[in-house]
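Once you've had a glance at the structure underneath, I'll fire off some questions.
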Amino acid sequence: MNDFNFKIAGEAGYGIASAGLIFAKTALRSGYSVFDFNEYPSLIRGGHNVYGARVAEEEVYSPSFGTDLLIALNQKAVERHTKELSPGAWVILNSDKATAPAPDFSPGINILPIPLIKLAQENGAPEVMMNNVALGAAIFLLGGDFKILESAVHDVFSSAKPEIIDLNIKVARAGFDFAQKNFKKRKILFNLKKKRAGKPLLLTGNDALCLGLIKAGCKFFAAYPMTPINSMIAYWAAKARELNLVYYQPEDEIAGINSALGAAHAGLRACVATSGGGFSLMVEAYGLAGMTETPLVIIEGQRSGPSSGLPTWTGQGDLRFVLGAGQDDFPRVVLAPGDPEECFWQAIEAFNWAEKYQLPVVILVDKYLSESRQTISSLDETRVKIDRGLLFSSTAQSEDYRRYRLTENGISPRAWAGQADLTFFTSSYEHDESGWAEEGIENRKAMMEKRMRKLETLKEEMPPPSIYGPSEAPLGLISWGSNKGAIREAQKILRVQGTETKFLHLNFLNPFPVEAVADFFRRSSKIWLVEQNITGQLAELIRARTGLEIENRILKYDGRPFLPEEIAVKIKEIT
Amino acid sequence: MTHDFKTSAEIVWCPGCGNFGIWAALQKAFQELSLKPDQILAVYGIGCHGHMANYLKINNFEGLHGRALPLATGAKIANQNLNVLAIVGDGDQLGEGGNHLVHASRRNPNLTCVLHNNQLYSLTVGQASPASEKGLKTKSTPWGVFDPPLNPLALALASGATFVARGFAGDLPHLTKVLVAGMKHQGFSLVEVLQPCPTLNYLNTFTWFKERVYKLEDKGHLPQDKTESFRMTQEWGEKIPLGIFYQEERPTLEEQLLPEKDEILAEQSLELSIEKLLTEFR
Ligand SMILES: Cc1ncc(C[n+]2csc(CCOP(=O)(O)OP(=O)(O)O)c2C)c(N)n1
Ligand code: SF4
């Protein structure tokens with residue numbers, strides 16, 4: 001089966017991520033499905049960086065165990081990654097910086113030493129371009145088309161000077177030629193031979209979120225730098241002028257969320273993005289959005305905590321936090337997309353929920369989803385619908401406008417500051433229908449109930465969660481967010497081994513889909529919970545909302561995402 | 001037609017509170033600027049000053065303690081046509097919101113910050129604020145405040161503010177003039193208002209201020225001279241200057257941030273094709 005894992009590893013500062021992207025684009029344009037990921041420490045130079053990609057002819061949803069083709073740019077890469085090599089794997093070894101692992105350590109492994117730095121320098125390029133030499137060699141070994149590699153180099157460096165682009169291509173060619181001359185007769189088990197032409201997309205979760213926000217008509221994006229949302233900042237900042245949008249870099253996350261609330265109050269669709277640390281600072285204003293019924297979308301990219309934690313590693317430890325953050329009760333929606341495609345659609349829905357129900361919507365993602373790319377066949381923008389909810393238009397009756405009018409479904413007609421002939425009052429204090437601060441007992445009860453009632457109304461149109469796998473399978477898995485891909489791949493492995501499973505993926509966590517979960521329990525003989533935190537936060541949530549207990553928990557909290565194999569093994573252990 | 005900016009809400013400030021003067025001066029300033037209520041948005045901090053939200057008939061947003069400036073900035077970016085004010089307290093803006101004052105000064109959004117300086121946390125019934133006089137005995141400083149007071153004008157000036165002024169709640173015509181100038185200014189204007197709190201601040205009373213205040217304009221002060229302006233912000237004690245300390249012209253945040261300078265972002269259509277954006281991901 002043409003399904004393999006590629007990896008390039010070396011010192012931070014050596015363009016590992018851009019080399020990875022060039023490789024991924026080359027594979028995509030050759031007609032393959034790609035899933036990629038980056039691993040790096042919180043350092044700019046000197047640390048160990050890794051880019052990995054799984055490439056296959058059929059759709060892939062996550063990386064899998066093992067490495068089939070490794071580019072080792074230095075000795076550390078050799079030391080760290082030989083252990084994970086698959087039988088018969090290939091290693092392109094930078095012979096200028098690294099020596100091959102001991103042969104008894106790597107039986108059946110094919111080592112291809114290439115003087116990457118020397119080849120770069122011979123072609124007038126600096127040492128940092130050695131990654132492209134290696135890519136050229138890799139593409140030759142894989143039987144790939146050099147022209148496609150060339151086009152990928154071109155696009156990835158599109159903002160660089162033409163001479164620099166040409167130089168990158170020249171050194172890639174040198175690597176390709178070197179491999180052709182020296183390793184011609186090698187037989188390799190997988191390839192990148194050009195296949196069908198399609199027009200798939202290769203998107204990270206962050207890319208898809210950005211596209212979704214922009215498509216939803218979001219015009220104000222405020223974010224203070226923090227892994228893993230930094231690539232969203234770069235995208236917004238780069239596109240703002242051309243698309244007539246604003247990226248606002250606040251002095252801190254508190255300013256970020258308050259500025260977004262101001263923008264929303266004056267009529268914009270506004271969004272903030274951060275990680276758990278930044279969200280901690282936003283909590284007071286999260287409640288302000290709830291109290292003042294100001295629509296707001298908050299993207300929370302989780303990483304391993306607590307505190308600074310593992311800043312560049314993934315995790316799912318903030319579920320309980322976003323569900324409970326803030327003093328007292330206020331309505332909120334919490335979404336948790338499972339892959340880039342869901343990121344796109346939920347970013348759009350998030351604004352519709354936020355405006356229709358006038359509340360904050362949190363989109364909970366994580367480092368792994370934010371920064372990993374996945375292949376998507378297409379995003380059909382003609383399916384996008386924008387719903388701004390119930391709006392008040394200024395008329396002669398503006399004098400009686402009541403911003404917080406008590407209604408049966410809890411939704412009051414919304415206005416924004418700046419509408420002609422209309423003034424209104426918005427307050428973080430408890431208020432009456434017109435917004436004036438009011439502490440009376442009856443009013444307090446009515447307002448608390450009105451705000452919370454919006455969630456009851458919303459429940460009626462909430463989409464049901466998806467179930468993957470045959471619905472009659474007695475074994476069930478439950479998870480949320482970005483574990484989706486690894487679990488779907490685990491289902492494939494289990495199927496081959498004769499075990500059919502069904503998988504309930506929750507991407508809408510508040511309001512909670514009580515009935516769907518209870519029904520899934522009824523139809524399963526055994527259930528596993530899969531999530532990336534130490535206490536089983538989803539399991540707790542399920543217990544709290546349905547009274548149902550999950551005993552079989554597959555929990556991970558080491559900062560690394562799940563691999564399909566480890567989930568499959570755990571399930572085999574208990575079946 | 002001139003508008004009336006009063007609401008029917010019952011006023012709960014203590015009799016003799018300096019907030020009354022600021023409230024009156026603001027209404028007068030709106031009238032002098034021929035503004036309509038729907039053209040104004042005021043964002044308030046939390047404190048006695050924030051109660052003014054109930055007494056002014058304009059668009060009001062009473063937000064969080066210390067956070068009025070960022071919220072006001074976001075609204076201004078969304079709709080440049082709005083005349084935006086941040087109505088804040090000294091505890092509010094110099095304690096919790098200190099960072100936002102520094103950055104608003106630096107960024108220069110075209111809005112006016114009216115800082116009600118009663119040198120005390122009043123709504124929480126009388127603790128020391130960052131602006132309390134050294135030695136002042138309060139509920140939180142029974143032995144007197146140890147630290148020197150924070151000087152909001154000097155802080156704003158050092159942070160790059162383009163309009164820095166001071167008024168006194170006991171001199172309405174002058175305060176109105178300063179507020180009008182601040183609101184007319186293109187860029188960030190900070191108007192500190194000396195606001196006696198007769199209920200809780202026994203030291204900085206109307207009489208205390210009246211004996212000390214004088215007007216910079218009467219002294220021939222030139223607000224273009226930054227060094228001299230800074231020197232004037234240091235004067236406090238026997239004599240306390242009022243008026244415009246400093247003013248300069250600099251591009252505003254919105255002018256620089258908004259792709260289309262004269263557009264109202266909030267009036268733009270939300271529809272937009274992403275077809276071209278998608279090609280980069282192929
Ligand atoms: C986050 C937060 N911390 C504390 C408070 C309590 N609080 C309310 S008003 C106030 C002090 C207000 O002082 P100042 O801003 O000077 O306004 P004044 O009452 O003097 O007008 C404080 C500390 C609050 N509302 N929010
Ligand atoms: S406590 Fe002071 S500031 Fe507050 S209303 Fe009374 S006099 Fe005014």
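All of the numbers you see were taken from the coordinates with simple rules; none came from a lab. Note that the structure is predicted; figures quoted are calculated from it, not measured. Reconstructed Cβ throughout: ideal geometry from the backbone, glycine too, with neighbour counts over all protein chains shown.
Across peptide B:74-86, how many C-beta atoms of other chains are within 10 Å of each residue C-beta, on average?
Shielding by partners across B:74-86 averages 6.
A further question follows. Would you compute, from DSSP H runs of 4+ residues alone, the mean residue ellipticity of chain A at 222 nm, taking -39500 (n - 2.57) per run and dividing by the full residue count, rounded to the nearest 500?
-12000 deg cm²/dmol
Using a Cα-Cα cut-off of under 27 Å, which lysines could be cross-linked to residue B:6, ignoring same-chain neighbours fewer than 8 residues away?
Residue B:6 reaches B:28, B:36, B:57, B:76, B:177, B:184.
If the reach is capped at under 16 angstrom between alpha carbons, list the lysines near residue A:239, excluding any in the same chain fewer than eight residues apart.
A:215, A:219, B:276
Taking Cα pairs under 8 Å and at least six residues apart, what relative contact order does segment B:146-282 come out at, in percent?
27 percent
What does the structure give for B:269-278 when I average, per residue, the other chain Cβ atoms found within 10 Å of the residue Cβ?
Mean shielding count: 6.
Can you give me the distance in nm between label points at residue A:452 and residue A:534, each placed 7 Å from the Cα along the Cα-to-Cβ direction?
Roughly 3.3 nm, to one decimal.
Going by amide H atoms built from the backbone, whose H comes under 5 Å of the H on residue A:302, apart from near neighbours?
Residues meeting the criterion, in which the H sits 1.01 Å from N, are A:365, A:366, A:367.
Right, another one. Give the shape of the protein assembly as shown as rounded, prolate or oblate, defined through the alpha-carbon gyration tensor: a ≥ b ≥ c are the square roots of its eigenvalues, a/c under 1.5 means rounded, and otherwise the shape is prolate if a/b is larger than b/c and oblate if not.
prolate
Could you pull out every residue, at least 5 positions away or on a different chain, whose amide H is within less than 5 Å of the one on residue A:71? Hs are placed 1.01 Å off N in the peptide plane, and Pro or chain starts have none.
Amide H neighbours of residue A:71, under 5 Å, 5+ apart: A:7, A:8, A:9, A:92.
Rounded to the nearest 5, what % of the DSSP beta bridges within segment A:37-106 are antiparallel ones?
Roughly 40 percent of the DSSP beta bridges within segment A:37-106 come out antiparallel.
By the gyration tensor of its Cα atoms, with a ≥ b ≥ c the square roots of the eigenvalues, what is the shape of segment A:466-574: rounded for a/c under 1.5, prolate for a/b over b/c, or oblate?
oblate
Could you list which residues have their amide H under 5 Å from that of residue A:509, counting only those 5 or more apart in sequence or on another chain, with H placed in the peptide plane?
For residue A:509, whose amide H was placed from the backbone, the distant partners under 5 Å are A:334, A:335, A:336.
May I pose another question? Under 30 Å Cα to Cα from residue A:76, which lysines show up? Leave out anything in the same chain fewer than 8 places away.
In chain and number order, the partners are A:7, A:25, A:97, A:118, A:170, A:181, A:184, A:185, A:187, A:367, A:556.
What do you get for the angle between helix A:441-459 and the principal long axis of chain A? Use alpha-carbon atoms, 0 to 90 degrees, nearest ten.
40 degrees
Here is a further query. Please label the shape of segment B:87-137 as rounded, prolate or oblate, based on the square roots a ≥ b ≥ c of the eigenvalues of the alpha-carbon gyration tensor (a/c under 1.5 means rounded; beyond that, a/b larger than b/c means prolate, else oblate).
Prolate, because a/c is 1.5 or more and a/b exceeds b/c.
Looking only at other chains, what is the average number of their beta-carbon atoms within 10 angstrom of each beta-carbon in A:245-252?
Counting Cβ atoms of other protein chains within 10 Å of each residue's Cβ and averaging gives 5.
Taking 7 Å along the Cα-to-C-beta vector as the label spot, tell me the residue A:166-residue B:227 distance in nanometres, rounded to one decimal.
Placing both labels 7 Å along Cα→Cβ, they lie 5.4 nm apart.
So for each of B:176-187, A:506-517, A:250-261 I average, over its residues, the number of other beta carbons within 10 Å; can you give me the resulting order with the highest mean first?
A:250-261, B:176-187, A:506-517
Measure nothing but the geometry: give the 0 to 90° angle between the long axis through the Cα atoms of A:162-182 and the longest principal axis through the Cα atoms of chain A, rounded to 10°.
Helix A:162-182 and the main axis of chain A meet at about 50 degrees.
Sticking with this structure for a sec: Over chain B, calculate the relative contact order: mean separation of alpha carbon pairs under 8 Å at least 6 apart, over the residue count, as a percent.
Result for chain B is 18 percent.
May I ask you to evaluate 6.51 cos²θ - 1.76 cosθ + 1.60, the Karplus curve with θ = phi - 60°, for each residue of segment B:49-55 and list the ³J(HN,Hα) values in order in whole Hz, giving x for glycine and proline?
4, x, 4, 4, 3, 7, 10
Helix-only mean residue ellipticity at 222 nm, chain B, DSSP H runs n ≥ 4 weighted -39,500 (n - 2.57), per residue, nearest 500. What is it?
Computed ellipticity for chain B at 222 nm equals -7500 deg cm²/dmol.
With a point put 7 Å past each Cα toward its Cβ, work out how far residue B:273 is from residue B:249 in nm, to one decimal.
Reported label-point gap for residue B:273 and residue B:249 is 4.2 nm.
How many angstrom lie between the C-alpha centres of segment A:55-92 and segment B:227-265?
Here the two parts' Cα centres lie 59 Å apart.
Among DSSP bridges having both ends in the protein assembly as shown, what percentage is antiparallel? Round to the nearest 5.
About 30 percent, rounded to the nearest 5.
Measure nothing fancy, just the Cα-based angle from helix A:16-29's long axis to the longest principal axis of chain A, in degrees from 0 to 90, nearest 10.
The answer is roughly 90 degrees.
Cα centroids of segment A:357-384 and segment A:432-452: how far apart, whole angstrom?
Value for the Cα centre distance between the two parts: 35 Å.
Ok, one more. Provide the per-residue ³J(HN,Hα) series for segment A:73-84, in order, calculated from phi with Karplus coefficients 6.51, -1.76, 1.60 and θ = phi - 60°, each as a whole number of Hz, with x at glycine and proline positions.
Karplus-based 3J(HN,Hα) across segment A:73-84 equals 7, 8, 5, 4, 5, 5, 4, 6, 10, 5, 4, 8 Hz.
Where both partners of a DSSP beta bridge lie in segment A:202-383, what percent of those bridges are antiparallel, to the nearest 5?
15 percent
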